[in-house]
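Peer 1: This is the structure, below, for whatever I ask next.
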Amino acid sequence: MKRDFLAIADYSPRELEDMLELALLLKQEWKTGGNKPILKGKSLGMIFQKPSLRTRVSFEMAMQHLGGYAFYLSPQEIGLGKREAISDVARVLSGYVDGIMARVFAHEHVVELARWASVPVINGLSDYNHPAQAFTDAFTIYEHYGKVRGLNVAFIGDGNNVAVSLMHIVAKLGGNFTWAGPEGYEMPQSAIAEAQAFAAESGSQLHFLHDPHEAVKDADVIYTDTWVSMGEEAEAEKRRQVFPPYQVNAALVAEAKPGVIVMHCLPAHRGEEITDEVADGPHSLLFRQAHNRLHAQKAILARLLGGL
Ligand code: CP
Ligand code: NVA
């Protein structure tokens with residue numbers, strides 16, 4: 001049976017831990033002479049309905065490093081659900097490629113793709129979640145601290161797609177997760193309920209606050225993301241009025257543990273959710289995190305397409 005990668009929620013803590021180890025191995029292997037061609041002859045079709053730098057390039061390079069091939073399909077090219085029904089796109093592509101990666105607006109669209117595709121489907125971001133990012137984030141935290149369990153991860157800002165997947169992976173792996181953002185911008189209640197179920201299993205503590213100062217106290221990781229996600233441009237002005245108290249700046253970082261690391265999935269809107277001083281400062285892991293997309297993606301691809 002094929003396996004998709006649509007949500008962190010679909011993977012057990014054990015599976016996630018195994019994949020983190022695999023990512024670590026693949027990163028070491030790559031740094032010491034290159035990866036074995038475990039995906040030789042395999043191909044990945046990448047559907048993008050929104051722009052991307054990291055997701056597109058890291059998946060493409062990951063396939064190449066593992067001996068496979070990836071190609072990009074632009075929004076204009078396939079017109080997912082517009083030029084052609086999603087179910088037809090999924091069934092046609094399944095005859096050409098060994099895997100599909102898709103970045104979509106509506107989460108249901110990637111679910112629909114996976115339902116009809118006979119090859120694995122990887123979610124490259126939807127309006128609901130961003131599991132490939134969260135897996136990379138857990139990998140980056142694991143690489144830095146040697147664990148995720150017991151660490152305090154504070155997400156400051158919008159309860160968006162990135163926050164949902166991060167909350168889920170931290171809860172699955174036994175870390176503690178605190179969210180702080182403005183009223184009305186909380187994560188979906190259903191995502192919180194799922195996280196609570198994962199936390200009950202793992203012993204993770206979850207907190208949902210409106211005070212960023214309270215949230216970063218004792219934080220090992222401070223995470224933030226843009227106040228305006230792709231597709232929300234019409235709300236930009238309103239959001240820019242509400243979110244400034246949630247800016248991750250040097251004063252806020254100073255309230256956390258001295259060794260705190262600062263993370264951001266990027267692209268950053270410097271001067272809004274994060275200052276230059278923090279993004280380029282000693283606590284920042286922003287570029288290591290971005291580079292780790294390559295290694296984390298390899299583990300996902302190796303597992304789904306290479307049967308590792
Ligand atoms: N973090 C991330 O997914 O970046 P891109 O939008 O550039 O792919
Ligand atoms: N929350 C952001 C993440 C970009 C990688 C967005 O959806 O635009």
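Peer 1: So how many residues does region 87-104 have that are over 13 Å from residue 121 (Cα atoms) and touching a strand residue (DSSP E or B) at 6+ places or on another chain (Cβ under 9 Å)?
Peer 2: 2
Peer 1: Listed residues 58, 12, 87; which is within 16 Å of ligand 2 (Cβ to nearest atom) and hydroxyl-bearing (Ser, Thr, Tyr)?
Peer 2: Exactly one residue qualifies, and that residue is 58.
Peer 1: Would you mind finding the one in 212, 245, 182 that is farther than 19 Å from residue 150 by Cα, within 16 Å of ligand 2 (Cβ to nearest atom), in contact (Cβ under 8 Å) with a residue 40 or more places away in the chain and not β-branched (Val, Ile, Thr)?
Peer 2: None of the other options fit; the residue is 182.
Peer 1: Right, another one. Could you count how many residues in region 125-158 are farther than 24 Å from residue 257 by Cβ and of a type in the set (A, V, I, L, M)?
Peer 2: Matching residues across region 125-158 total 2.
Peer 1: Name the residues in region 52-86 that are more than 16 Å from ligand 1 (Cβ to nearest atom), crowded, with 16+ Cβ neighbours inside 10 Å and either polar (S, T, N, Q) or under 18 Å from residue 293 (Cβ atoms) (or both), would you?
Peer 2: 65, 66, 68 - these are the residues of region 52-86 that are more than 16 Å from ligand 1 (Cβ to nearest atom), crowded, with 16+ Cβ neighbours inside 10 Å and either polar (S, T, N, Q) or under 18 Å from residue 293 (Cβ atoms) (or both).
Peer 1: In region 184-198, what residues are surrounded by 21 or more Cβ atoms within 10 Å (Cβ to Cβ) and aromatic (Phe, Trp, Tyr)?
Peer 2: Correct list: 198 only.
Peer 1: Next question, about the same structure. Restricting to region 264-295, what's the tally of residues that are touching a Lys or Arg at 6+ places or on another chain (Cβ under 9 Å) and in contact (Cβ under 8 Å) with a residue 12 or more places away in the chain?
Peer 2: Matching residues across region 264-295 total 10.
Peer 1: Name the strands (runs of 3 or more DSSP E) wholly within region 55-132 that hold at least 2 residues that are in contact (Cβ under 8 Å) with a residue 12 or more places away in the chain and touching a Leu at 6+ places or on another chain (Cβ under 6 Å)?
Peer 2: Here the list reads 99-103, 121-123.
Peer 1: Can you tell me which residue within region 21-51, out of those that are more than 16 Å from ligand 1 (Cβ to nearest atom) and of a type in the set (D, E, K, R), is nearest to residue 99 (Cα to Cα)?
Peer 2: 42
Peer 1: Counting just the residues of region 104-150 that are more than 11 Å from the chain's Cα centre (by Cα), among the small types (Gly, Ala, Ser) and more than 18 Å from residue 195 (Cβ to Cβ), which one comes out farthest from ligand 1 (Cβ to nearest atom)?
Peer 2: Filtering first and then ranking leaves 118.
Peer 1: Among the residues of region 1-23, how many are assigned to a helix (DSSP H, G or I) and touching a helix residue (DSSP H, G or I) at 6+ places or on another chain (Cβ under 7 Å)?
Peer 2: Residues that pass the stated criteria total 8.
Peer 1: Going by what's in this entry, would residue 27 be described as part of a loop (DSSP other than H, G, I, E, B) and of a type outside the set (Asp, Glu)?
Peer 2: So residue 27 does not fit the description; no.
Peer 1: Count, please, the residues in region 117-176 that happen to be of a type in the set (Asp, Glu) and crowded, with 24+ Cβ neighbours inside 10 Å.
Peer 2: Number of matching residues: 2.
Peer 1: Just to be sure before I move on: is residue 153 away from ligand 2 (no atom under 12 Å from the Cβ), out of contact with any Cys (no Cβ under 9 Å at 6 or more places or on another chain) and touching a residue at least 40 places away in the same chain (Cβ under 8 Å) in the structure I sent?
Peer 2: When the stated conditions are applied, residue 153 passes them.
Peer 1: Tell me yes or no: at least one residue of region 199-208 is of a type in the set (A, V, I, L, M, F, W, C), touching a residue at least 60 places away in the same chain (Cβ under 8 Å) and surrounded by 17 or more Cβ atoms within 10 Å (Cβ to Cβ).
Peer 2: Within region 199-208, none of the residues are of a type in the set (A, V, I, L, M, F, W, C), touching a residue at least 60 places away in the same chain (Cβ under 8 Å) and surrounded by 17 or more Cβ atoms within 10 Å (Cβ to Cβ).
Peer 1: Also, quick follow-up: Would you pick out the residues in region 139-180 that are farther than 26 Å from residue 228 by Cβ and out of contact with any Leu (no Cβ under 8 Å at 6 or more places or on another chain)?
Peer 2: Result: 146, 147, 150, 151, 152, 174.
Every number here is computed from the coordinates shown, using simple stated rules; none is lab data. Quick caveat, the model's predicted, so the values are computed rather than measured. All Cβ positions, even for glycine, are placed from backbone atoms using ideal geometry, and neighbour counts span all protein chains on display.
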